[in-house]
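*Asks:* One structure coming up, written as structure tokens, with questions to follow.
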Ligand SMILES: [Mg+2]
């Protein structure tokens, strides 16, 4: 096999991420119950607010905190309480401090792949938040480069392809998100390894698109060793 280039997603591909946000959201939703709002309604408002804030402020904990605060302001109005504001602040700080929980089989698989192929970490988010996380994961040495984009769309894929002189036919995007990993990579003409994660964030869901590249569906990261 020719040497391949792998662009590898980080959140919910190399380490757990969304599960921690989901826990915080579940707690927030139950704290809104005494105000008389159903869980589904609270979640819908939060999703709406998040979508808007992401466009303005990007991804990450700071943007999430802003969205939870705004949702609380909308739901509670004049009944807003100082202990709830403190809870939101403390929960956001906890999310920031959570060290990366590397998924099972990931370090061995990266070591295996790095001996044969070129690996580039490609994640979206705030560089100030993602870069220390990548550092703390202990995985950075397997990668020839790290790319952090505010959004993973067709344009940012094409940018990475040009910058690293990638031959598309011999390149694969590996990730868990239909919206950020699978679809834009296929649109950009890359091949894709789709590894669904059960806790993938609602806002990352999408119908799978078609492209000229190949798509491989795997159930775990370690299965990459069977194919490459
Ligand atoms: Mg991901």
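Since every read-out is calculated from the coordinates, none of them should be taken as a lab result. Just so it is clear, the structure is predicted and the values come from calculations on it, not from any experiment. Cβ placement follows ideal geometry from the backbone for every residue including glycine, while neighbour counts extend to all protein chains displayed.
*Asks:* Please give the length that would be gained between residue 145 and residue 3 if that part of the chain were fully extended, namely 0.36 nm times their separation in residues minus their C-alpha to C-alpha distance (nm, one decimal).
*Replies:* 49.5 nm
*Asks:* While we're on this one: Rounded to the nearest 0.05, what FRET efficiency do residue 214 and residue 27 give with R0 = 45 Å and r taken as the Cβ-Cβ distance? Could you check?
*Replies:* Taking R0 as 45 Å, the efficiency between residue 214 and residue 27 is 0.60.
*Asks:* Using helices alone, I'd like the mean residue ellipticity at 222 nm for the chain: each DSSP H run of four-plus residues gives -39500 (n - 2.57), total over residue count, nearest 500.
*Replies:* Value at 222 nm, helices only, nearest 500: -14500 deg cm²/dmol.
*Asks:* Okay, next question. Please compute the contact order of region 60-145 in relative form: average sequence separation of alpha-carbon pairs under 8 Å and at least six residues apart, divided by the residue count, as a percent.
*Replies:* 34 percent.
*Asks:* Arranged by the count of other C-beta atoms within 10 angstrom, fewest first, what order do 165, 133 take?
*Replies:* The most exposed by this proxy come first: 165, 133.
*Asks:* Here is a further query. Would you kindly give the portion of the calculated P(r) for region 175-228 that falls above 16 Å, as a percent of all Cα pairs?
*Replies:* Percentage above 16 Å: 39.
*Asks:* Using a Förster distance of 25 angstrom, determine the FRET efficiency expected from the C-beta separation of residue 205 and residue 81, and round it to 0.05.
*Replies:* Once the sixth-power term is evaluated, E becomes 0.15.
*Asks:* Per the Kirkwood treatment, what hydrodynamic radius in Å, one decimal, follows for region 18-97 from the mean inverse distance over all distinct Cα pairs?
*Replies:* Taking every pair of different Cα atoms in region 18-97, averaging 1/r and inverting gives 12.6 Å.
*Asks:* May I ask for the angle, rounded to the nearest 10°, between helix 154-163 and the longest principal axis of the chain, with both axes built from Cα atoms and the value confined to 0 to 90°?
*Replies:* With rounding to tens, the tilt is 40 degrees.
*Asks:* Return the single residue from 141, 17, 191 with maximal mean-square fluctuation; model: Gaussian network over the chain, springs between Cα atoms under 10 Å.
*Replies:* In this elastic network of the chain, the residue with the biggest mean-square fluctuation among 141, 17, 191 is 141.
*Asks:* Within 10 Å, count the other beta carbons around each residue, average over each peptide in 211-219, 149-157, 87-95, and list them highest first.
*Replies:* Averaged packing, sorted descending, gives the order 149-157, 87-95, 211-219.
*Asks:* Here's another thing I want to ask about it. Relative contact order for the chain using alpha-carbon pairs under 8 Å, separation at least 6, rounded to a whole percent?
*Replies:* About 26 percent, as a whole number.
*Asks:* Continuing with this model, one more query. Taking the Cα centroid of region 18-33 and of region 159-228, what is the distance between the two, rounded to the nearest whole Å?
*Replies:* Between the Cα centres of region 18-33 and region 159-228 lies a distance of 29 Å.
*Asks:* Tell me the relative contact order for region 102-228 as a rounded percent, counting alpha carbon contacts under 8 Å between residues six or more apart.
*Replies:* 23
*Asks:* For a label point 7 angstrom out from the Cα of residue 101 toward its Cβ, which stretches of region 141-184 have the backbone nitrogen within less than 13 Å?
*Replies:* Within reach of a label on residue 101: no residues.
*Asks:* For region 1-152, what log10 I(q)/I(0) values come out of the Debye formula at q = 0.18 1/Å, with one point per alpha carbon and no solvent?
*Replies:* For region 1-152 at q = 0.18 Å⁻¹, log10 I(q)/I(0) is -1.04.
*Asks:* Quick one: helix 18-32 against the long Cα principal axis of the chain, what's the angle to the nearest 10°, folded into 0 to 90?
*Replies:* Roughly 10 degrees, rounded to the nearest 10.
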